[in-house]
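The values are calculated or read from the model by the stated rules, or taken from the named source; none is laboratory data. Nothing here was measured: the structure is a model prediction, and the numbers come from that model. Counting neighbours? That spans all protein chains shown, and the Cβs are built from the backbone with ideal geometry, glycine included.
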Amino acid sequence: MSTIQIEGLRPLRGEIAVQGSKNAALPMMAAAILHKGVTVLEHVPRIRDVFCMIDILKTMGCRCEFEGHRLTIGAQTLSRIAIPRSYVTAMRSSIVLLGPFLSRCGEAATYYPGGCSIGSRPIDLHLYGLRKLGTEIEERGDDKIAARAERLKGCEIVFPYPSVGATENVLLAAVRAEGTTVIRGAAREPEIESLCRMLNGMGARIRGQGTGTITVEGVDALHDSEFRVPGDRIVAGTYLAAVMAAGGRAFLRGIEADQLAGVPELFAGMGARIRREEDGIGISMEGRPAAVSLETRPYPGFPTDLQSPMLSVLAVSSGSGQIRETVFEGRFAAAEELKKMGAQIEIDGRTAAVRGRYPLEGAEVDAPDLRGGAALAVAALAAAGETRIRECSHILRGYEDICRDLRLLGAGIRSNTSG
């Protein structure tokens, strides 16, 4: 069992470099399949989900070399189009491979991702978009999805909800489709913009990224390319939340503050001093943060991936606030663990009402999921005594080394692996 032990009540001070973005790197790795050549990605985070995607690509016949943070993918030898069920279970985002497989090979096979600890994450919009492009999809009783398309053809696709995954899948399928595809109701997240920039660097013709309407003119072929993965805005937001909870000051290098949308302004309104620089963002926090009320929304709204760390910030605030979760109905799992540390949180459906108290109390808690585990680390920084966070393998899916990063900021944190 992996555990993280944190001695709280130490203000944070220092500077760290923000790792590459998980949510940008994974669809970029899928995009490499589109080209019968070599794609090089720099600044790739060494996290569990990236290693899982590498294993999938190798199983499909691709050559992958991962040295430091430089990942080279050779897709000339792609030989399989069926994703084994074990990989789909390990990483839901493997569904984004459907689009590139259909574009490259005209067929693909995978499985329904199944349940998720943070709530239902249906793939109906993925399948809707691919069907509009001319894909025949057979959904079998064993949860297997078999897809085939003799030739993908551009069309107009209107999403009723700006799904990030569905937008990515359609983009990847449309890049080499015949004609022009217009995606309306597209997701606007920075990771979508990064994927489009990468694809354009490979020879694709995409415009409108960052808006709700993206236009893709299909091309016959792509070419070798290199691209740098941007900094992870969710990891950066987590460390900003850590300073909000623990106090102190920090500078995060390698993150574009604009990608954090309104998060820096929100923290400034809670009492932090924010400094935007060309190469990163600085934060300083004295005293307890003021309480606020907010709700999660698709970008540029407050990100659902920062909801759990924000819950920890509110738990040590100087008043009462609330968070309404509008994206994933099961994302309050961290609340029960925070209560073991003395947090005063009441859950009513999709709303968490929080009454702040300081300090929290060190306790033994279990990481319920990726972001919930990170939230417990944030809360532990503002807790008296020692907190032991168990089941920390969840955190490794998205944080390269949360102990290293927080230790560089002065936190009393260490990890153990046993059993």
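Below, the figures for the structure above:
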{"item": "Segments classed as strands (runs of 3 or more DSSP E), wholly inside the range 275-349, with at least 3 members that are under 26 Å from Glu191 (Cα atoms) and at pLDDT 95 or above", "result": "280-285"}
{"item": "Residues of the range 13-58 that turn out to be more than 18 Å from the chain's Cα centre (by Cα) and either of a type in the set (Phe, Trp, Tyr) or under 22 Å from Leu396 (Cα atoms) (or both), as a count", "result": "6"}
{"item": "All strands (runs of 3 or more DSSP E) inside the range 28-103 with 1 or more residues being of a type in the set (Lys, Arg) and closer than 23 Å to Glu191 by Cα", "result": "70-74"}
{"item": "Residue match in the range 134-144 (condition: of a type in the set (A, V, I, L, M), more than 16 Å from Ala31 (Cβ to Cβ) and in contact with an Asp or Glu (Cβ under 7 Å, 6 or more places away or on another chain))", "result": "no"}
{"item": "Residue in the range 352-372 that is more than 17 Å from Ala241 (Cβ to Cβ), crowded, with 19+ Cβ neighbours inside 10 Å and small (Gly, Ala, Ser) present", "result": "yes"}
{"item": "Lone unmet requirement of (1) aliphatic (A, V, I, L, M); (2) surrounded by 21 or more Cβ atoms within 10 Å (Cβ to Cβ); (3) within 18 Å of Gln259 (Cα to Cα) for Ala32", "result": "(3)"}
{"item": "Test result for Arg414, in a strand (DSSP E or B) and among the charged types (D, E, K, R)", "result": "yes"}
{"item": "Listing of strands (runs of 3 or more DSSP E) fully contained in the range 208-274 that carry 1 or more residues being in contact with a Pro (Cβ under 6 Å, 6 or more places away or on another chain) and either at pLDDT 95 or above or under 23 Å from Val164 (Cβ atoms) (or both)", "result": "248-253"}
{"item": "Residues (out of contact with any Phe, Trp or Tyr (no Cβ under 9 Å at 6 or more places or on another chain), over 23 Å from Leu199 (Cβ atoms) and of a type in the set (Ser, Thr, Tyr)) located in the range 213-270", "result": "Tyr239"}
{"item": "Residue match in the range 27-35 (condition: in contact with a Leu (Cβ under 9 Å, 6 or more places away or on another chain), aliphatic (A, V, I, L, M) and modelled with pLDDT under 95)", "result": "no"}
{"item": "Residue list for the range 350-395, restricted to those being among the acidic types (Asp, Glu) and either under 17 Å from Pro289 (Cβ atoms) or not in a strand (DSSP E or B) (or both)", "result": "Asp369, Glu391"}
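Every residue, every condition in (1) under 30 Å from Gly231 (Cβ atoms); (2) surrounded by 20 or more Cβ atoms within 10 Å (Cβ to Cβ); (3) touching a strand residue (DSSP E or B) at 6+ places or on another chain (Cβ under 9 Å), yes or no:
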site	(1), (2), (3)
Glu107	no, no, yes
Gly129	yes, yes, yes
Gly134	no, no, yes
Ile137	no, no, yes
Asp143	no, no, yes
Pro160	no, no, no
